[in-house]
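The structure appears below as structure tokens.
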Amino acid sequence: MIGVPRKSVVLNKYCDSWSSYFETEKALILEVTGDNIEKIEHVGSTAVKGLVAKPIIDIAGVYSGHDKKVAIVEAMKSIGYEYSENNGIINRLYFSKRIDGKSYYHLHFYLFGSKDYDKQIFFRDYLRSNQDVAFEYSKLKQELLMKYQDDRPKYTEGKSDFILRVLKEREKITTDENLMVVEINEINSVYDFVKRLSNNNQTASYPKIHDEETLLRVLNTSVSREDYRLIGCYENESLVGVVAYFWEDKDKYIQTTLFLVERNYSLVATKMIDYISNHLKGYKAFIGFQKGNQLAISYFKEEMKAECIEDSVVTSIKGFTNYNMQYDMPLEQVTKENFSTYSKFHDIFAKEYGIYYDSVNLLSDLEEFAILGIKEQGEFIASIFFKTDKKISTVYGLFVSKEYKDQGQEALLIDGMLDYLSSSFEAVGEVIYFIDRVEADELKAALELGFKIKEEYLCFCI
């Protein structure tokens, strides 16, 4: 049986039926919350065989983002739970189910990546694995019961030192020495992990993977090409991190296409970065994340002190044919023949923004790009350059001289680009356009010409 009068302290011997109560309630919770909850576990003393416990079932779960909060709260209320905000713990949703004045279930939903969730799981697992420690805990609780049977706050406070002592063992166990990074040559071993984390704004790197075709392409490319590598980080035998990256030897840079960490972010991320740094010594690494991945952003900004080289809004326009220009403004196309007259203008901005494609690198890859410019008195005052492909074309930069900004040059260039692509291909699949967050006029022009905001991302350089 379960159920304890509110504010009372009651201890019962372990009962096998407690796990059944959990499983029944778990099924009910998952039925009403659906995919808003990613994990759900039986925690607390009733989850440890042989341990005396208050006959209240403690349940811990993980939710992926703050946008899920309202739906979760309403779902839990629909099955009889009371909501108590976070009950003193940040990024936790706390619920209890009471019937006739008795508490039956306590429910803790933690935001993905919460260390408090990890601590609850560790404490349970440590007691399960160390019977002598579990026995010590039982003895302590029985002693506290004799002193504070009618004072639950004092009873709870009396357990604090013991709990903290056990959690210190976690610090010893979850260390760099318990982590191992290996090269992955077979994608099935990481497929489910990558699929789950890369489609979640709170855990995704950049680009976010929306479909299985893209996922398979990214993974297969990472294990089949000589200039790509796929690595996994394991804590004991559990996969906790995956990175996919490629490199360019000529310019000594690395670009990640996946950077995913499930838990112990700082330790796991550092371990994988160390592996990459040892693999390609002296190379700069560029690592991008969805703006919603606050764990990653905090780690790279605060712990790594990494330079954030880009804070962009990613926009997109899809599937257009026979584009009708909105402005009657001729643009000059830059080719190899007139590139020398353009290169000085281009490098002013390439240097300012620290982009890879300065005039030297752009000229060497010019056959993959189109460059359109605007001139005044024979000099370039604005330009846009973009990779051209009938499936996915990508805008790499739009530059406007300071004295001509806020005069509509952005709209003229974007309009000309769309006309160029429409004239070059029978149908254009998609145009991806990264716009710096501070460039309000550029973003406004893109949106007015049909682009839609797709996602937001930050890129760090280490």
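Table for the structure above
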{"item": "Positions within the stretch 303-328 being touching a Lys or Arg at 6+ places or on another chain (Cβ under 7 Å) and assigned to a loop (DSSP other than H, G, I, E, B), in sequence order", "result": "none"}
{"item": "Flag if Gly416 is on the phi > 0 side of the Ramachandran plot, outside any strand (DSSP E or B) and not assigned by TED's automatic domain parsing to the domain that holds Phe289", "result": "no"}
{"item": "Leading residue by the ranking (farthest from Val218 (Cα to Cα)) among those in the stretch 173-199 that are in contact with a strand residue (DSSP E or B) (Cβ under 8 Å, 6 or more places away or on another chain) and at pLDDT below 90", "result": "Thr174"}
{"item": "Answer residue from the stretch 260-301, given it is among the aromatic types (Phe, Trp, Tyr) and within 14 Å of Gly113 (Cβ to Cβ) and is modelled with the highest pLDDT among those", "result": "Phe289"}
{"item": "Candidates Lys402, Lys351, Lys344 - the one that is surrounded by fewer than 15 Cβ atoms within 10 Å (Cβ to Cβ) and under 31 Å from the mean Cα position of the chain (by Cα)", "result": "Lys351"}
{"item": "Positions within the stretch 435-455 being in a strand (DSSP E or B) and surrounded by fewer than 17 Cβ atoms within 10 Å (Cβ to Cβ), in sequence order", "result": "Asp436, Lys452, Ile453"}
{"item": "Conditions (1) assigned to a loop (DSSP other than H, G, I, E, B); (2) in contact (Cβ under 8 Å) with a residue 60 or more places away in the chain; (3) in contact with a helix residue (DSSP H, G or I) (Cβ under 9 Å, 6 or more places away or on another chain); number of the one not met by Asn200", "result": "(3)"}
{"item": "Residue that is without any contact (Cβ under 8 Å) to a residue 60 or more places away in the chain, exposed (fewer than 14 other Cβ atoms within 10 Å of the Cβ), within 15 Å of Ala53 (Cβ to Cβ) and of a type in the set (Lys, Arg), where the choices are Lys147, Lys154, Lys139", "result": "Lys139"}
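Rundown of residues vs (1) surrounded by fewer than 19 Cβ atoms within 10 Å (Cβ to Cβ); (2) more than 24 Å from Phe122 (Cβ to Cβ); (3) under 33 Å from the mean Cα position of the chain (by Cα), yes/no style:
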residue	(1), (2), (3)
Met1	yes, yes, no
Leu30	yes, no, yes
Gly44	no, no, yes
Ala47	no, no, yes
Gly50	yes, no, no
Ala53	no, no, no
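The values are calculated or read from the model by the stated rules, or taken from the named source; none is laboratory data. Since we're looking at a predicted model, the values are computed, not measured. For neighbour counting, all protein chains shown are included, and Cβ atoms are generated from backbone atoms with ideal geometry for every residue, glycine included.
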